[in-house]
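K.L.:
One structure, pasted below without further comment.
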Amino acid sequence: MIRLAHLCYRYRPTTPPALDDVGLEIGRGRIFGLLGPNGAGKTTLISLLAGLLAPQGGEITIAGTPLPQWRAAQPRAMALVPQDHAFYPSLTVRENLAFFAGVQGLAGHARRRNQDEALAFAQLEAVAGRRAGELSGGLRRRLNLAIGLTGAPDILLLDEPTVGVDPQSRHFLLEAVRRFAAAGHTVIYTSHYMEEVEALCAEVAIMDHGKVLVAGALAEVTRSAAAGLGLTLTRPLPEALAAAWRERFATLTLAGNLVRWPEFALDELGALLAELAAAGVGVERVDYGAANLEQVFMRLTHHSLRD
Amino acid sequence: MRFSGTSALIRLRALWMKELLALVRDRHGLAALFVMPAIFILVMSLALADAFSERQNTAIGYGVLDLDGSRSAQRLETQLATVDLIDEYGPLPDEATARARVAAGAMAFVVVIPPGFGAQLAANQTPHLRLLADPTIPLMVRNGFRQRVAAEATRLRLERVLERVGVSLMIPELRQIVERAGPPEIAVEPVGHDDGGQAIAPSAVQQNVPAWLIFSMFFVVIPLSAVFIGERERGTLQRLAAQRVSFGLVLAGKFVPFVLVNQVQAVVMVGVGRWVVPLCGGEALRLPDAAGALLALWLVSLAVSVAAVGWALLIASIARSSEQATVIGGVGNILMGAIGGIMVPKFVMPLAMQPWTQVSPMSWALDGFHQVMLRHGGIGDSLPACAALVCFGLAALAAAFVLNRRGNP
C-alpha cells in the first residue's frame, strides 16, 4: 500500500502550491490513474514519489515505511518511465538496456537476465542491435518502458507513456501495462487520454490546482458525479434563454455549446427541449445518469483552458 | 539490496562505458574534440614560427630616405643593412614616396636621414634622424629597430670623434678602431634546471605550442556541455536520479572518460607539433629525452586535464542550454587565456598587470609546461603548478556538486 498523507510542495514561496494537502491511498497490485489538466500537480506528485523532490510537508509511506527508507532498502523496487525518450540515441537498444541495468548496480548474469526480460516484455528483440535514435516513435516508447523494467521494479511510475504513438503501439503498451500489473505489481499512470485511463485503471484520482478533487474506484468516481443532466447544443444558448434559465436553475453551468445541471429532475426535460426548439437551438446530445471519465473530468475541472 | 561499494564500481563502469561508446559514435563530437585542436595547433605553430624566429623569411622591411647624401649618411645606410631582424628594401627618392609606401604597408619603417646629417656628426652635434613607422608593427619590433638605428648613429658619431682626435694627435689609425671593431657579439645561453650547458635555445614553436595546447585542452567545455545538456533535455539525468544515481556519481561518470579524452587530445596535439608541423615546413616541437622529464610533462598535462574537465563539468552543470554553455565556457576560456598569458605573453604585459596572470589556471598550466619544456625541470619543479591545477579542478567539481544539490533531495 502506497500512502500519501497531507503532501505539500511549493516551487517558490511566492507561487501557488503545486501540491496542497494531498492525500491518497494506492493499493498494491493496482493500476492507479492520475488525471488532471496541465499544471494540476501530477508531475510534482510523480517527482515526489520517484524521489526527485522531497516533500515540504506531509509524508509518503510504502507498506508502512517512509519512502526514503523504503527506497534505500530496495533501490530498484520503484522505477520512473518519464514522458521524454530518456535514453541515448547513439547506443543500441541492447546497450541502452545494459547501461540502465548497470547504473542500478546489476552486473553479470543478473544484468543479462533483466535485460533479456525487458527486451522480451516490450517485444524489442528484433531491433535489439539497432541504434535507439533510428527507431520509430512506437518502438521508442516501448524502449522507454523496457528501460523502466531493467531493475525488475515492483512499482512503476508511468508519465504519459503513450504520447505520440500510433493506435497499434498504444494498444501494445496498454496491454504491457496490464500484464505488468497482473503479475502483482503496482502502476501509477498519468495520462491525458481519458479513454485509456478508463480502460486500464481500477482506481483514479483527479487533481487540479494541487488538490485531489476526487479519488477512488473508477466506478465510484463516475457514479458519484453522474446525477445531473448535460446537453450538447448545436450552438451556444441565446442570451435571453440563458438569462431565464439562470434565474430558474441556480446551479446551471454554461460553457460554449454545453449546458449542465448538476442535479436535475427528469420530468422537466420535455419542457426544456421545447424551449430550445422554440429558440431555434438544436440538441446534439443528451447525457443523463452514468457519466464517462472525460465528462467527470471536464465537470470537475470546469472546462477552462489551462495553457 | 542496498547499493554497496562493489555496486558503486559497477555503476561507475556502466557510466564510463556509456560515455566512451557515445563519444566514439559521435562523429561531429570527435571532429570537435580531435580534428579542430589538431588543425589549431598546426596553424598556430606555422603562423608563429616565422614571426618570432631570429632570422627567417619575415615580411618586415625598411627603406632609407637619404636627404643628406654625405659619406656619413651612406655609411649609416651600409651599417643598418647588417641588421638581421628585418630586410632592407633599398633607398627611396623622396618623402612623399616614403610615406606612401609605409601607409600602404609595403614597408614597416623608413629611416629619414635629414639634410646636414654628415655636417652635424662632423661638428659633434646630436643628429636628428626620423623614423616613419607602420602603426600595425608591434611596439617591441619598432622599439628594437629604433634602438638599432640609434646605436648605429652613435657608432658613426664616435667614429667621427676618434677621427678628429686622430687628426689632432696625428694618429690616423684611431679612426679605424671603431670601424674594424664592429658591433659587440652577445651570445645567448639558455639556462635550464639541468646545468652543464646542455640546454638548447627554445624555438618559437617550443615557446608557443604549450600555450595553445592548454587553450585547446580547456575547450573540452564545449563538447562536454553538449553531452550534458543533451542528457538533461532528453530526461536521462532525471531518469538516472530516479534510479538513485547520485549527481556525484554522474559527475564521476563523466570526469574519468573526459579526462581520458582530454589526454588523447593532448597527445594528438603534441604529435601534430612533433611530426606534422615539420612536414608542413615548420619547426618540430621538441620533447624532453629523459624519462623523468617525460613523466613530469605527462603529470602537467594530466593536471591540466583535471582542471579543464572539472571546469567544463561546472559550466555544463549550471548552464541551462548549449548556447549558455558555449557563451559562458567559451568567453570564460578566452578571458582565462587573455589574463593567463596565453594570448599575450606575461612579460609583454605592464608590470602592474603581471601579478594578475596568477588568477588564471591557464597561467599555472603554462608555468608547469615551461618548467618542463623550456627550463628542463623535473617532477619536483612542476609539482606546484600540478597541485594548483588539481585543486582547481576538484574545487570546480565540488562547486558543480553543491550547486546541483540545491533543490534536490
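The values are calculated or read from the model by the stated rules, or taken from the named source; none is laboratory data. None of the values given here were measured: they were computed from a predicted structure. Methodologically, a virtual Cβ is constructed for each residue, glycine included, from the backbone with ideal geometry; neighbour enumeration extends over all protein chains shown. Heads up: the accessible areas ignore ligands, DNA and RNA and are worked out on the full protein's heavy atoms, side chains in. Shrake-Rupley method; radii C 1.70, N 1.55, O 1.52, S 1.80 Å.
K.L.:
Pairing the Cα long axis of helix B:379-405 with the longest principal axis of chain B, what angle in degrees results, from 0 to 90 and rounded to the nearest 10?
P.N.:
Helix B:379-405 sits roughly 50 degrees off the main axis of chain B.
K.L.:
Shifting gears a bit: Grab the DSSP H runs of chain B that are 4 residues or longer, score each as -39,500 (n - 2.57), total them, divide by all residues and round the 222 nm result to the nearest 500 deg cm²/dmol.
P.N.:
That comes out to -20500 deg cm²/dmol.
K.L.:
Further question: Over all residues in B:265-277, what is the mean tally of Cβ atoms on other chains that come within 10 Å of each residue's Cβ?
P.N.:
Mean inter-chain Cβ contacts per residue within 10 Å come to 0.
K.L.:
Once R0 is set to 60 Å, what does the formula 1/(1 + (r/R0)^6) return for the Cβ-Cβ distance between A:Asn257 and B:Met343, expressed as a FRET efficiency to the nearest 0.05?
P.N.:
0.30
K.L.:
Going highest first, how would you order A:261-271, A:51-61 by mean Cβ packing within 10 Å?
P.N.:
Those peptides, ordered most packed to least, come out A:51-61, A:261-271.
K.L.:
Using Cα-Cα distances under 8 Å and only pairs 6 or more residues apart, what relative contact order does chain B have, in percent?
P.N.:
Result for chain B is 18 percent.
K.L.:
For the range B:233-248, take each phi angle, set θ = phi - 60°, evaluate the Karplus expression 6.51 cos²θ - 1.76 cosθ + 1.60, and give the result in whole Hz per residue in order, putting x for glycine and proline.
P.N.:
5, 7, x, 5, 5, 5, 5, 4, 5, 5, 8, 6, 8, 5, 5, x
K.L.:
While we're here: Give the percent of DSSP beta bridges with both residues in chain B that are antiparallel, rounded to the nearest 5.
P.N.:
35 percent
K.L.:
Still on this model: So in the range A:2-217, what percent of DSSP beta bridges are antiparallel if you round to the nearest 5?
P.N.:
55 percent
K.L.:
Same structure again: Check A:Thr92: other-chain or 5+ apart residues with amide H under 5 Å from its amide H, H built from backbone geometry?
P.N.:
Long-range HN contacts for A:Thr92: A:Ala132.
K.L.:
Let me confirm one metric for peptide B:11-24, namely the mean number of other chain beta-carbon atoms within 10 Å of its residues' beta-carbons.
P.N.:
The mean count of partner-chain Cβ atoms within 10 Å per residue comes to 4.
K.L.:
What do you get for chymotrypsin sites (Phe, Trp or Tyr not before Pro) in the range A:1-79 restricted to DSSP loop and a cutoff of at most 16 other Cβ within 10 Å of the site's Cβ?
P.N.:
A:Tyr11
K.L.:
Another question, then. So what is the accessible area of the protein assembly as shown per residue, in Å², with the probe set to 1.4 Å?
P.N.:
47 Å²
K.L.:
So how many Å³ per residue does the convex hull of the Cα atoms of the range A:227-289 work out to?
P.N.:
Each residue corresponds to 74 Å³ of Cα convex hull volume.
K.L.:
Then there is this: More than 19 angstrom separation, counting every C-alpha pair in the range A:72-144; what % is that?
P.N.:
Value for the range A:72-144: 31 percent of Cα pairs lie more than 19 Å apart.
K.L.:
Amide H of A:Asp166 versus every other amide H placed in the peptide plane: which residues, excluding those fewer than 5 positions away on the same chain, fall under 5 Å?
P.N.:
When sequence neighbours closer than 5 places are left aside, the close amide H contacts are A:Gly138.
K.L.:
Write down the Kirkwood hydrodynamic radius of the protein assembly as shown, to one decimal in angstroms, obtained as one divided by the mean of 1/r over all alpha carbon pairs.
P.N.:
Across the protein assembly as shown, the inverse of the average 1/r is 32.6 Å.
K.L.:
Quick check: pseudo-label points 7 Å beyond the Cα along Cα→Cβ at A:Leu266 and A:Ala182, how many nm apart are they?
P.N.:
Each label point is offset 7 Å from its Cα along the Cβ direction, giving 3.8 nm.
K.L.:
Turning to a different aspect of this structure: Expressed as an acute angle from 0 to 90° and rounded to the nearest 10, what is the orientation of the C-alpha long axis of helix B:36-52 relative to the principal long axis of chain B?
P.N.:
20 degrees
K.L.:
Whole-Hz ³J(HN,Hα) for each residue in the range B:120-127, computed from phi via Karplus 6.51 cos²θ - 1.76 cosθ + 1.60 with θ = phi - 60°, x for glycine and proline: what do you get?
P.N.:
In residue order, the calculated couplings are 4, 5, 4, 8, 6, 9, 6, x Hz.
K.L.:
Let me ask something else about it. How big is the A-B contact in terms of buried accessible area, both chains counted, 1.4 Å probe, rounded to the nearest 100 Å²?
P.N.:
What A and B bury together is about 2900 Å².
K.L.:
From the square roots a ≥ b ≥ c of the eigenvalues of the alpha-carbon gyration tensor of the range B:87-147, which class results: rounded (a/c under 1.5), prolate (a/b over b/c), or oblate?
P.N.:
Cα axes put the range B:87-147 in the oblate bin.
K.L.:
Among A:Leu258, B:Gln354, A:Ala128, pick out the residue whose Cα is farthest towards the positive end of the charge dipole of the protein assembly as shown, where Lys and Arg carry +1 and Asp and Glu carry -1 on C-beta, about the Cα centre.
P.N.:
The listed residue farthest towards the positive side: A:Ala128.
K.L.:
How many Cβ atoms of partner chains, on average, are near each residue of A:173-181 if near means within 10 Å of its Cβ?
P.N.:
Whole-number average of other-chain Cβ neighbours for A:173-181 is 0.
K.L.:
Leaving ligands, DNA and RNA out of it, report the carbon-plus-sulfur percent of the accessible area of the protein assembly as shown at a 1.4 Å probe.
P.N.:
Ligands and nucleic acids excluded, carbon and sulfur reach 60 percent.
K.L.:
Say R0 is 25 Å: what FRET efficiency, to the nearest 0.05, do B:Leu287 and B:Leu46 get from their beta-carbon distance?
P.N.:
Computed FRET efficiency for B:Leu287 and B:Leu46 comes out at 0.85.
K.L.:
Still on this model: I'd like the antiparallel share, as a percent to the nearest 5, of DSSP beta bridges with both residues in the protein assembly as shown.
P.N.:
The answer is about 60 percent antiparallel.
K.L.:
Okay, next question. In degrees, nearest 10, range 0 to 90: what is the angle between the Cα axis of helix B:361-373 and the longest Cα principal axis of chain B?
P.N.:
Taking the Cα atoms of chain B, the angle to B:361-373 is about 70 degrees.
K.L.:
Shape call for chain A from the C-alpha gyration tensor, a ≥ b ≥ c root eigenvalues: rounded (a/c under 1.5), prolate (a/b greater than b/c) or oblate?
P.N.:
prolate
K.L.:
Further, regarding this structure: Would you jot down the residues in the range B:231-245 that end up with at least 30 Å² less accessible area in the complete protein assembly than in the chain alone, with a 1.4 Å probe?
P.N.:
Buried by the other chains: B:Arg234, B:Thr236, B:Gln238, B:Arg239, B:Leu240, B:Ala242, B:Gln243, B:Arg244.
K.L.:
Just tell me which lysines come within less than 20 Å, Cα to Cα, of B:Lys254; anything on the same chain fewer than 8 places away is out.
P.N.:
Straight-distance partners of B:Lys254: B:Lys18.
K.L.:
Pairs of alpha-carbon atoms within less than 8 angstrom and 6+ residues apart define the contacts here; what relative contact order does the range A:227-289 have, in percent?
P.N.:
This gives 55 percent for the range A:227-289.
K.L.:
Work out the FRET efficiency for B:Gln324 and A:Ala278 from their Cβ-Cβ distance, taking R0 = 56 Å, and round it to the nearest 0.05.
P.N.:
0.30
K.L.:
OK, next. If packing is taken as the mean number of other Cβ atoms within 10 Å per residue, what is the order of B:343-353, A:126-136, A:245-255, highest first?
P.N.:
Highest mean packing first, the order is A:126-136, A:245-255, B:343-353.
K.L.:
Considering protein heavy atoms only and a 1.4 Å probe radius, which residues within the range A:16-54 exhibit an accessible-area decrease of no less than 40 Å² in the full assembly relative to the chain by itself?
P.N.:
SASA drop of 40 Å² or more in the range A:16-54: A:Leu52.
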